[in-house]
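The values are calculated or read from the model by the stated rules, or taken from the named source; none is laboratory data. Please read all numbers here as calculations on a predicted model, not as lab measurements. Reconstructed Cβ throughout: ideal geometry from the backbone, glycine too, with neighbour counts over all protein chains shown.
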């Protein structure tokens, strides 16, 4: 009887551990978000191109909407530049080959030599295309 209780207890503990572990796709999406963040911060244009879908819709908190080409051009030319850039309080919701990512976007943006604190919220939409997670949509908003 004691062996049965022990086995049942271990099974319950293990089941809870498995249920609490993030899914591999969730980890892959989180990694893609982090790579995008670092690419924006460090002006890594090839990485930005690799992480964004051809039909990207990139919305700013001002209401401005950009396609992939315009989004990347702003990073490349320094029109969008950052001294620091971090994402906080991130949640990821998976639905098939689509992931919704919400987080707080905290940055010290650069406007020329002026540092502008930026605190906004983001919704990113990622889609798994040919085995790779790509950003297909982003909308920032003020809170």
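Numbers for the structure displayed
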read-out	value
Any hit, the range 59-66, residues being loosely packed, with under 10 Cβ neighbours inside 10 Å, part of a helix (DSSP H, G or I) and modelled with pLDDT of 95 or more	no
The one condition in (1) out of contact with any helix residue (DSSP H, G or I) (no Cβ under 6 Å at 6 or more places or on another chain); (2) in a strand (DSSP E or B); (3) closer than 26 Å to residue 24 by Cα that residue 107 fails to fulfil	(3)
Flag if residue 73 is outside any strand (DSSP E or B), surrounded by fewer than 18 Cβ atoms within 10 Å (Cβ to Cβ), over 12 Å from the mean Cα position of the chain (by Cα) and at pLDDT 95 or above	yes
Hits in the range 22-31 (condition: more than 11 Å from residue 128 (Cα to Cα) and assigned to a helix (DSSP H, G or I))	24, 26, 27, 30, 31
From 131, 78, 137, residue being touching a residue at least 40 places away in the same chain (Cβ under 8 Å) and out of contact with any helix residue (DSSP H, G or I) (no Cβ under 9 Å at 6 or more places or on another chain)	137
Filter result for residue 121 (loosely packed, with under 12 Cβ neighbours inside 10 Å and out of contact with any helix residue (DSSP H, G or I) (no Cβ under 6 Å at 6 or more places or on another chain))	no
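Condition check ((1) without any contact (Cβ under 8 Å) to a residue 24 or more places away in the chain; (2) within 26 Å of residue 113 (Cα to Cα)) across all residues:
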{"residue": "45", "(1), (2)": "no, yes"}
{"residue": "49", "(1), (2)": "yes, no"}
{"residue": "65", "(1), (2)": "yes, yes"}
{"residue": "69", "(1), (2)": "yes, yes"}
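Rundown of residues vs (1) surrounded by 14 or more Cβ atoms within 10 Å (Cβ to Cβ); (2) within 14 Å of residue 134 (Cα to Cα); (3) at pLDDT below 95, yes/no style:
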{"position": "34", "(1), (2), (3)": "no, yes, no"}
{"position": "43", "(1), (2), (3)": "yes, no, no"}
{"position": "51", "(1), (2), (3)": "yes, yes, no"}
{"position": "57", "(1), (2), (3)": "yes, yes, no"}
{"position": "68", "(1), (2), (3)": "yes, yes, no"}
{"position": "97", "(1), (2), (3)": "no, yes, no"}
{"position": "111", "(1), (2), (3)": "no, no, yes"}
